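The values are calculated or read from the model by the stated rules, or taken from the named source; none is laboratory data. Since the model is a prediction, treat every value here as computed from it, not as a measurement. Cβ: placed from backbone, ideal geometry, glycine included. Neighbour counts: every protein chain shown. In case anyone asks, the SASA skips ligands and DNA or RNA and just uses the protein heavy atoms, side chains included. Shrake-Rupley method; radii C 1.70, N 1.55, O 1.52, S 1.80 Å.
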Amino acid sequence: MKTILVIEDTPTMRANIAEILQLAPYQVVQAANGKEGIEQARQTRPDLILCDIRMPDLDGYGVLHILRKDPDLATVPFIFLTALAEAADFRVGMNLGADDYLTKPFDDISLLGAVELRLKKGPVISADPTANPDRLTKLRQAILEENNARYSLCDQYPTTQYNRKHRLYIAGSWPTVVYFISQGKGKLVKVDAAGNQFITGLIGSGDFVGYQALLTQGPYTDTAELLEDSLVCTIPSIDIKSLIDHQPVVANQFSQMLASEVANLQDKLLKGAYQSVRKRMAEALLLVERTFYSQPDARFSEGYATGDRPHNQSLPMSLSRENWADLVGASTETVIRILGDLRTEGLIEINGSQITLLDMDKLVTLKR
């Protein structure tokens, strides 16, 4: 059983966190302040440390600084618990060697998800990125899409099978890795102050995820959630940074990817402001088909051959009505009504949660 040290000076918060973790189940050690936390860490050698930032006498930054200087505890994963959202506070912790942040208040799922992900990654290992030149060469080729290296990337890095609805990262946390989707589908989500959720992007096989925060040297501004069981490999940020710093062609590739995403978001914002929901629905249908179902590997994984469908039709696409609504930026009821209209017009076929595009040419005309 994994041992987790919780350093938190608020008794109620500390007890709640401990209770949730014990139900998971993990063995939990508690400390009421920074000094006590360091003593407990040296006595128990935990597998993970959760630590508040603002504490009397010795704050979380001091705890992390001392532990990273201790050879026996330097590689223990460390997650800050904080009610602060200022970038400067995040940056101080990351410079000291923190692995992640949980911003208060957080729910049970966010806590357990962050803990599980960090434990799966194992201890922090400080390694010289030039120690494995072959790995960096394969990574460079994958980023530049050379020699079909992209889909063999997971042979070089730790790979994990995640379940549907797993969050690779959440908004407000800081990047320590870049994710590569070897197989599967996901979405990038933003939530406004009122709690409304919007899908700002789709991710699928062959996509790098989370590099934007690494390039901007800031926290994640969105949440990445998987739409189906997926195979994901984890690339340490130190490898990505090494290539960006020493390979201008790689830096240029990431800049182009980032610029393309910004342009797509601007286009989506413009269409959301001026296009009808009907046009946005047509746009969303074609986007999902193009992103997830138009590639040869997608046809193969779905059990279809290229000649199994008319040229103007799509494969059956599976997405919940709620996700369609978040992608379009409309209510679920409105999306259901418009899908019904498109079915009546013979443009799509609906079978439960599956939608097949019957006339993509007309949908292209409709979205203009």
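The figures follow:
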item: Answer from 63, 28 - the residue that is buried (at least 18 other Cβ atoms within 10 Å of the Cβ), touching a strand residue (DSSP E or B) at 6+ places or on another chain (Cβ under 8 Å) and more than 17 Å from residue 118 (Cα to Cα); result: 63
item: The range 141-160 residues that are on the phi > 0 side of the Ramachandran plot, paired with ones that are surrounded by fewer than 20 Cβ atoms within 10 Å (Cβ to Cβ) (beta carbon under 7 Å, 6 or more apart); result: 147/141
item: Flag for residue 115 being surrounded by 16 or more Cβ atoms within 10 Å (Cβ to Cβ), in a helix (DSSP H, G or I) and modelled with pLDDT of 75 or more; result: yes
item: Tally of residues being buried (at least 18 other Cβ atoms within 10 Å of the Cβ) and out of contact with any Leu (no Cβ under 6 Å at 6 or more places or on another chain) across the range 216-232; result: 8
item: Out of 53, 7, 20, sole residue that is assigned by the TED database to the domain that holds residue 102, touching a helix residue (DSSP H, G or I) at 6+ places or on another chain (Cβ under 9 Å), hydrophobic (A, V, I, L, M, F, W, C) and modelled with pLDDT under 90; result: 53
item: In the range 201-212, the residues that are more than 11 Å from the chain's Cα centre (by Cα) and open to solvent by less than 10 Å² (accessible area, probe 1.4 Å); result: 204, 206
item: Qualifying residues in the range 182-197 (those that are assigned to a strand (DSSP E or B) and in contact with a Leu (Cβ under 8 Å, 6 or more places away or on another chain)) - the one nearest to residue 99 (Cα to Cα); result: 188
item: Criterion (among the β-branched types (Val, Ile, Thr) and under 18 Å from residue 115 (Cβ atoms)) met by exactly one of 159, 176, 200; result: 176
item: Residue within the range 333-342 that is touching a residue at least 60 places away in the same chain (Cβ under 8 Å) and within 20 Å of residue 294 (Cα to Cα) present; result: no
item: Any hit, the range 249-267, residues being over 24 Å from residue 341 (Cα atoms), part of a loop (DSSP other than H, G, I, E, B) and either of a type in the set (A, V, I, L, M, F, W, C) or not assigned by the TED database to the domain that holds residue 202 (or both); result: no
item: Unique match (being hydrophobic (A, V, I, L, M, F, W, C) and without any contact (Cβ under 8 Å) to a residue 12 or more places away in the chain) among 194, 224; result: 194
item: Conditions (1) touching a helix residue (DSSP H, G or I) at 6+ places or on another chain (Cβ under 9 Å); (2) within 17 Å of residue 54 (Cα to Cα); (3) not polar (S, T, N, Q); number of the one not met by residue 14; result: (1)
item: Single match in 242, 260, 237 (criterion: within 21 Å of residue 327 (Cα to Cα), of a type in the set (Gly, Ala, Ser) and out of contact with any Lys or Arg (no Cβ under 9 Å at 6 or more places or on another chain)); result: 260
item: Where a residue in the range 102-127 is farther than 16 Å from residue 51 by Cα and its partner, wherever it lies, is at pLDDT 85 or above and part of a helix (DSSP H, G or I), with Cβ under 8 Å and at least six apart; result: 108/20
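Table: residues versus (1) assigned to a loop (DSSP other than H, G, I, E, B); (2) over 20 Å from the mean Cα position of the chain (by Cα); (3) at pLDDT below 85.
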| residue | (1), (2), (3) |
| --- | --- |
| 120 | no, no, yes |
| 135 | no, yes, yes |
| 145 | yes, yes, yes |
| 152 | no, yes, yes |
